[in-house]
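Notes follow the structure.
All of the numbers you see were taken from the coordinates with simple rules; none came from a lab. None of the values given here were measured: they were computed from a predicted structure. Here Cβ is always computed from backbone atoms with ideal geometry, including for glycine, and neighbour counts include all displayed protein chains.
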Amino acid sequence: MDALEAASEPDSFVWIGLYEPTPEEFEAVRVELGLHELAVEDAIAAHQRPKLEVYDEDLFVVLKTARYNDATETVEYAEIQLFIGANYVVTVRHGEASALADVRVKIEKDLERIRCGPMAVLHAVVDHVVDDYAPVVAGLDNDMAEVEDAVFDANRPRGLDPTQRIFKLKREVLDLHRNTEPFLEPLARLASGALPGAHPELTTYFRDVEDHLTRVVGAAAHFRTLLSDALDANLAIVTVRQNDDMRTISAWLAIGGFPTVVGAVYGMNFDNMPELFWEYGYFIVLAVMLAVCFLLYRRFKKVGWL
Amino acid sequence: MDALEAASEPDSFVWIGLYEPTPEEFEAVRVELGLHELAVEDAIAAHQRPKLEVYDEDLFVVLKTARYNDATETVEYAEIQLFIGANYVVTVRHGEASALADVRVKIEKDLERIRCGPMAVLHAVVDHVVDDYAPVVAGLDNDMAEVEDAVFDANRPRGLDPTQRIFKLKREVLDLHRNTEPFLEPLARLASGALPGAHPELTTYFRDVEDHLTRVVGAAAHFRTLLSDALDANLAIVTVRQNDDMRTISAWLAIGGFPTVVGAVYGMNFDNMPELFWEYGYFIVLAVMLAVCFLLYRRFKKVGWL
Amino acid sequence: MDALEAASEPDSFVWIGLYEPTPEEFEAVRVELGLHELAVEDAIAAHQRPKLEVYDEDLFVVLKTARYNDATETVEYAEIQLFIGANYVVTVRHGEASALADVRVKIEKDLERIRCGPMAVLHAVVDHVVDDYAPVVAGLDNDMAEVEDAVFDANRPRGLDPTQRIFKLKREVLDLHRNTEPFLEPLARLASGALPGAHPELTTYFRDVEDHLTRVVGAAAHFRTLLSDALDANLAIVTVRQNDDMRTISAWLAIGGFPTVVGAVYGMNFDNMPELFWEYGYFIVLAVMLAVCFLLYRRFKKVGWL
Amino acid sequence: MDALEAASEPDSFVWIGLYEPTPEEFEAVRVELGLHELAVEDAIAAHQRPKLEVYDEDLFVVLKTARYNDATETVEYAEIQLFIGANYVVTVRHGEASALADVRVKIEKDLERIRCGPMAVLHAVVDHVVDDYAPVVAGLDNDMAEVEDAVFDANRPRGLDPTQRIFKLKREVLDLHRNTEPFLEPLARLASGALPGAHPELTTYFRDVEDHLTRVVGAAAHFRTLLSDALDANLAIVTVRQNDDMRTISAWLAIGGFPTVVGAVYGMNFDNMPELFWEYGYFIVLAVMLAVCFLLYRRFKKVGWL
Amino acid sequence: MDALEAASEPDSFVWIGLYEPTPEEFEAVRVELGLHELAVEDAIAAHQRPKLEVYDEDLFVVLKTARYNDATETVEYAEIQLFIGANYVVTVRHGEASALADVRVKIEKDLERIRCGPMAVLHAVVDHVVDDYAPVVAGLDNDMAEVEDAVFDANRPRGLDPTQRIFKLKREVLDLHRNTEPFLEPLARLASGALPGAHPELTTYFRDVEDHLTRVVGAAAHFRTLLSDALDANLAIVTVRQNDDMRTISAWLAIGGFPTVVGAVYGMNFDNMPELFWEYGYFIVLAVMLAVCFLLYRRFKKVGWL
């Protein structure tokens, strides 16, 4: 807690990092820094949506970190919460969020930036989290391409209908949207420089992050539209295939049907059926059968039913 | 009515709780407190949408409480109405709304909060109602998962098409949206602290409730999109199955069709059909039949029609 | 026209009611009251969308009245137009609009309200018209329930496909939206109290009407979404039924097909077919046929094709 | 060009009408009146979207005129451009736009209106163009009704699928929207009276035109929704018909299939088939065949497959 | 770098053009002109979305150039970035962007325009890029027409289903939207004349470009709607064709089925089948067969199944 005292000196601040704190662990920090009761409730509960709350002169920020899991083709989310005061930063991580050690090292080296105070830390963390969305978008983009190939694969094997995969991917995309889009508005507020603790030098940097996040949100919306179309396209393709198959089947049925009908007629047991007694009756009928079958075959080939 | 007199003392207020009052019961309260005629009409009628009305210096608030019924997979709604004046709170419950006794106990203990006046009661009730949406969302989320499993169940039994369930669930989700979304705007007004009777300490708390409600409304929108997709996915899956089935059927038709055609030909009664008199004619034909059937079977197996 | 003179006295106004006036009839009123040329054009033409126009110090209001016709399951619309000046109200009715006699009686009794001037009449008429939307919504709600039952009726008789009914109902719902939604904005203006002739006591009452109209418009939007889903659900259900039917048919085809193939084989006329001369050949074949048919039947029953 | 000099006198203006001018023809006018370079580029090129541009103290307005061609069921668009200065109006027509001679005659008679200056001409032209949208909407409305009848025609002849017509009509409706909707915003600006050259007496008249255009745009949006539904409804209806047809076909297949199976069995050539030698064997079998066929027929009739 | 010194004189500026610069090449420019660190990061990375950033008194603009590739029916995008300062313009091109040499020549000739400073260059480049969208829209419009023809081609050959093409085209259209729409907002800001370095004479020119871009974005939205409809229309058309085909097939099945049933009956080997021994039995049966087949044919023809 000496650090906190040190932080009370002008132009200095302390950064406290916690990982899934117990209520007791958190209580010490809360009392020392006078964090707002509501923010603390949120910090222990996790499962927030991204947001930025202003409590008097302090900020409470919730961020969602994302990681693309290639094996399961899912995106895994974790949560980082930040309490930003005049002379302190508290970061609380929930789930397998990307470690913030890199961010810390980076910001400690950047002396000029660190002089902007706790807001510089906020920027560094937000920038880090938003940059980590890029591989997620790339991973989903790759899945999109695979799904599309599957939809338009002419020789798609039985049982490999891409519907379920499209649906799953759509859910991933919707989740990405849900976990990123609500932070656009807080970033706009940060970029406007109107929040307590704002530093004029940082507004441009926050606007840059906003621009990156806009691209991520735009990509999610883009994927969403394409996946809806992929679902429709898949249905259309299966319907077309159904029609093609039915035509093929019907053509063969017609080809096989003619000899059957003729066979049924000459298989009747009437006494007086003159053709039956012709010497070449059978051969004539056989020839007619084959000729008709061949003509039907050619005809169906021509109109594209075979 | 002594309570009302007590309430006229400075810094004190009275809380009157009514359950489905008759017009007569309500009249006494109305006259004593000078409630607005229009709000009273609403209070007796029920079946309002959530809203907040300002009548001069008083507020009239309508809230929808929700409870998930697991047996019927439906959400049941009830209504709480609040009249908030400078020194009184009147709560009117319609239907099986969650009892407010817990809220009362809780707020009576929180002395600091109660000093904020009737608005503290409003916050406590709204907070309570919005917190109760969480299990509803969880229940619907669970139904979503079941519906999804049903859609993608490869061995779905006959008669277990999930279409009707999807439709029903969609209606539940739309109802949840209708009963929650309109209260976002009143909450924003309460959080802005610009309404009569607003207390600066409470704005943060109302913003917290607004954040919770935003999550509920977001979940409803999310479910809605997924259910539309589930309907589409289900259609696609049935169409694919239809095509798979038709291919299977056609393959067997072809396999059974060949011997039938041959049988029809050699079942003709022509006198002069030399093959009929060959010693091994029948066996040759039989062997050809079986061979062709086997080849067809292998071929269909290979292209995935069987 | 004496009434008009009377109306020129302070604090009094005249209410003139017209039903589908001829241009000549209207001219007299127009000249006397100095109505705006454009409003007059509209008043004679009818078939307006709901709107509120401000001409200098006067208002021109167009309202659509609605009535649900249970026999045809349609909603019938008529039009009421109001000219509101400082000391006159002119109501013009087109079509079978609900008569305004009730409104007149009611407002004449309410002395306090009538002192608010012509705007009180406007409120009374608007309130009356909007209240009349409630049975329309109820009627459409009832149709919705019937359509839904028809969609999910497992034993729907041939020719009773609900598609056309869904489509018709959707058109009714869209019409309701078209005839009600545009009046929300005028009501908001009336509730804001910023229009000429506004009376502070009436703003609350106009907001109450706005709230009612919001519910009607919300219901129309709700119906619209559900009808789109019903159309999709119906398609899915027919597609599923198509698949179920095809499976049933195919199963019977297979059961009937086996004896046919066997019959075709043993119906061949080869001289040397040893089985034909076995004493129990026929009975063996017959037994095999029946056994296979029974096994097929059991199998199809088990996998749900029958 | 004397007219132009005359126009430089106070309270007078000149109206120049051009039809598809060559750049040279236009140059003379441009130089004389000092039209803005960009507006001139647009005036020669045509194929603009409707818009209103303010160049210093002058207005440049682009309007789309529409005409419904009943024979082709298409809407044909032409373009009118107006340059509005303090003391001149230049109208440029491209394509078979409705001639403006009527407008000229009308406005020249209306002395009071013409005193409002060039803006009165703008109003007259815009009013004329927007009024000409009414028959277009009526024409499309008529097509809508025909399309709808075609969709729900139970005995629709082969090859008369309305899909293409729906699609074409939708494109017409989208075009109507594209050519009318962008002018709503300019009309709102004209009605606000805030543009250079605005005359207080005209704002009401522009608002009236805006109201008419709103109705046209609303009708286009309405048609668009209904056409999407018509496409969906048509698909549903064809799918239902497909199912009905398949049931009919299957029923007849079953009825014809039974005698075939029996015939195949008794067509076998076994030596020892006792039934064959019964005196009434054939008649019994025939009777059974007919009875079964009749029972099947009745059963299918009952369940609605026939 | 002398140019840069020259640029420091009042009323003069320098234009530096770079093509995919290495970080080292860029560093020299950056240091000399004091470009903002963030803009420089973007300039080297490319793959930005169109945007305009204000860094103190300087602008950073990202533009997407588009070129329609007729062979692959795809649109290829490249990137132009501009740094606009008080006395310099730096253009950075990435990918096969349209060369800016033409723009340079054009602007150098237009002395009056060049006096507006670096913003005149920005306008010239933006105008050039937006004008280049026109052939892209034309190319996509052409593809739209081809796709539409393919959808409604009654004799569409097997394997030529337009679904994939519609999907691909939709993706192109979405990409066009993504690469153009975000620049509307920056153009509106440029047209408002409120940005640093804005010149009053240029605002009208920027508004003109905005108008052109609005048309491009509108066309993309229009294509998008039509392509969704085309996908739906295609599905409907295939479903209708499926039904027509099934009817044709069923009709022929019925025509061929009758003789088969009769043949099966008279092919039974009962001893006592009187008809078999009638002298004209066979001929009568044959005649009945042909007559029934002909009647069936006529009937199916009439109801449109053939």
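When the Gaussian network model of chain E links Cα atoms closer than 10 Å, the mean-square fluctuations of E:179, E:142, E:272 top out at E:272.
What average number of partner chain Cβ atoms lie no more than 10 Å from the Cβ of the residues making up C:176-184?
1
Kirkwood analysis of the Cα pair distances in region D:195-306 returns a hydrodynamic radius of 20.7 Å.
Comparing Cα centroids, region E:285-305 and region D:227-261 end up 21 angstrom apart. Taken about its Cα centre, region C:106-210 carries a charge dipole of about 280 debye when Lys and Arg each add +1 at the Cβ and Asp and Glu each add -1 at the Cβ. With a 10 Å cut-off between alpha carbons and a GNM built on chain D, which of D:274, D:200, D:186 moves the most? Among D:274, D:200, D:186, the largest mean-square fluctuation in the Gaussian network model of chain D belongs to D:274.
The GNM of chain E, with springs linking C-alpha atoms under 10 angstrom apart, assigns the highest mean-square fluctuation among E:51, E:106, E:170 to E:106.
Of the peptides D:189-197, E:124-132, B:232-240, the order by per-residue mean of other Cβ atoms within 10 Å, starting with the highest, comes out as B:232-240, E:124-132, D:189-197.
For the peptide D:273-280, the mean number of other protein chain Cβ atoms found within 10 angstrom of a residue's Cβ is 4.
Return the calculated 222 nm mean residue ellipticity for the protein assembly as shown, to the nearest 500 deg cm²/dmol, obtained by summing -39500 (n - 2.57) across DSSP H runs with n ≥ 4 and dividing by the residue count. Mind showing how you got there, number by number?
On the way: 59 runs with 961 residues, N = 1530.
Per the formula, -21000 deg cm²/dmol.
The same position residue B:145 in the other copies lies at 3.4, 3.4, 5.5, 5.5 nm from this copy, comparing label points 7 Å beyond Cα toward the beta-carbon, shortest first.
With the largest listed first and rounded to whole Å, the semi-axes of the equivalent ellipsoid of region B:71-128 from the Cα gyration tensor are 25, 13, 8. Counting only DSSP beta bridges with both residues in the protein assembly as shown, the antiparallel share comes to about 80 percent.
May I ask which residue of chain B has the beta-carbon nearest to the axis carrying chain B onto chain A, and at what distance in whole Å? Residue and rounded Å distance to the axis: B:267, 4.
Counting only DSSP beta bridges with both residues in chain E, the antiparallel share comes to about 80 percent.
Going by a ≥ b ≥ c, the root eigenvalues of the Cα gyration tensor, does region D:161-200 fall in the rounded group (a/c under 1.5), the prolate group (a/b larger than b/c) or the oblate group?
Prolate shape, in that a/c is at least 1.5 and a/b is the bigger ratio.
Of all aspartates and glutamates in the structure, those lying under 13 Å Cα to Cα from residue E:106, and not within fewer than 8 positions of it along the same chain, are E:127. Tilt of helix B:23-33 relative to the longest C-alpha principal axis of chain B, in degrees (0 to 90, nearest 10)? For helix B:23-33, the angle is close to 50 degrees.
Label 7 Å along Cα→Cβ of residue D:225; region D:166-206 residues with amide nitrogen under 16 Å? Under 16 Å, as judged by backbone N against the label point of residue D:225, lie D:174 of region D:166-206. Centre-to-centre separation between the Cα atoms of region E:110-169 and those of region A:78-112: 46 Å. Note on residue C:160 and residue C:271: their simple-model spin labels are 6.5 nm apart, each label 7 Å out from Cα toward Cβ. Assign one of three labels to region A:64-212, namely rounded, prolate or oblate, based on the Cα gyration tensor with a ≥ b ≥ c the square roots of its eigenvalues; rounded applies when a/c is under 1.5, prolate when it is not and a/b is larger than b/c, and oblate otherwise. Cα axes put region A:64-212 in the prolate bin. Averaged over the residues of E:249-257, the number of partner chain Cβ atoms lying within 10 Å of the residue Cβ comes to 6. Label points for residue A:193 are taken 7 Å from Cα along Cα→Cβ. From this copy to the others they lie 2.5, 2.5, 4.1, 4.1 nm apart, shortest first. Pairs from the list A:64/A:170; A:168/C:170; A:168/B:170; A:64/B:51; B:170/C:170; D:51/D:109 with a Cα-Cα gap above 22 Å: A:168/C:170; A:64/B:51; D:51/D:109. Fewest-first ordering of D:76, C:279 by other beta carbons within 10 Å of each residue's beta carbon gives C:279, D:76.
From the convex hull of the Cα coordinates of chain C, what is the mean projected area in square nanometres? Before the final figure, lay out each step's value.
Numbers: hull surface 98.6 nm².
In nm², the orientation-averaged hull projection of chain C is 24.7.
Which shape class, rounded, prolate or oblate, goes with the protein assembly as shown when its Cα gyration tensor gives a ≥ b ≥ c as root eigenvalues, a/c under 1.5 marks rounded, and past that a/b bigger than b/c marks prolate? Taking the square roots of the gyration eigenvalues as a ≥ b ≥ c, the protein assembly as shown is prolate.
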